[in-house]
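Participant: Here it is, the structure, as structure tokens.
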Amino acid sequence: MGVAAAQKRLDESPVPARSIGMLSCATRQGDMVIPGFGSMLQAGLGIPAVELFTAHGICASSAMALKAAAKALKVGEHRNALVVVSELASGSSSSDDWRRCQ
């Protein structure tokens, strides 16, 4: 799910995947322990040379991933960053579940 969402954004972006300097990822619980969530996304997106950051295990991990990417851009370490947040639990949800929450 994370790879599909990130690929969709990359396809719609004027920034090519090869220009991504940092891939900052977050999940509370990934699909598996090894390889890590960020490594799985990196491989799935086919971005070979990238700084990889993965935050996981707590509810605020998405904010930590966004903060890490923002700081890397602010200090000039990278010109472009991609932040991807996905949850294992989201994959078991259906659109009907979300409609009931509205």
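Here, each number is a calculation from the coordinates, and none is a lab measurement. Bear in mind that the values here come from a model prediction, so they are computed numbers and not experimental data. Here the Cβ is made from the backbone with ideal geometry for all residues, glycine too, and neighbour counts use every protein chain on show.
Participant: Quick one: net charge around residue 16, please, counting Lys, Arg +1 and Asp, Glu -1 for every other residue with C-beta under 15 Å from its C-beta. Write down the numbers at each step before the final one.
Facilitator: Numbers: positive: 8, 9, 18, 79; negative: 11, 12.
The answer is +2.
Participant: How do 41-51, 5-15, 68-78 rank on mean C-beta neighbours within 10 Å, highest first? Intermediate results must be reported in sequence, preceding the final value.
Facilitator: Working: 41-51: 15.9, 5-15: 12.4, 68-78: 13.9.
The packing order, highest mean first, is 41-51, 68-78, 5-15.
Participant: Working out 0.36 nm times the residue gap between residue 58 and residue 12, then minus their Cα-Cα distance, what length gain in nm do you get to one decimal?
Facilitator: Working: separation 46, 0.36 × 46 = 16.56 nm, distance 3.01 nm.
Contour length minus Cα-Cα distance gives 13.6 nm.
Participant: Using the count of nearby Cβ atoms within 10 Å as a rough guide to exposure, how do 24, 86, 61 rank from fewest to most? Don't skip to the answer; put the middle values down first.
Facilitator: Details: 24 27, 86 23, 61 20.
Starting with the residue having the fewest Cβ neighbours, the order is 61, 86, 24.
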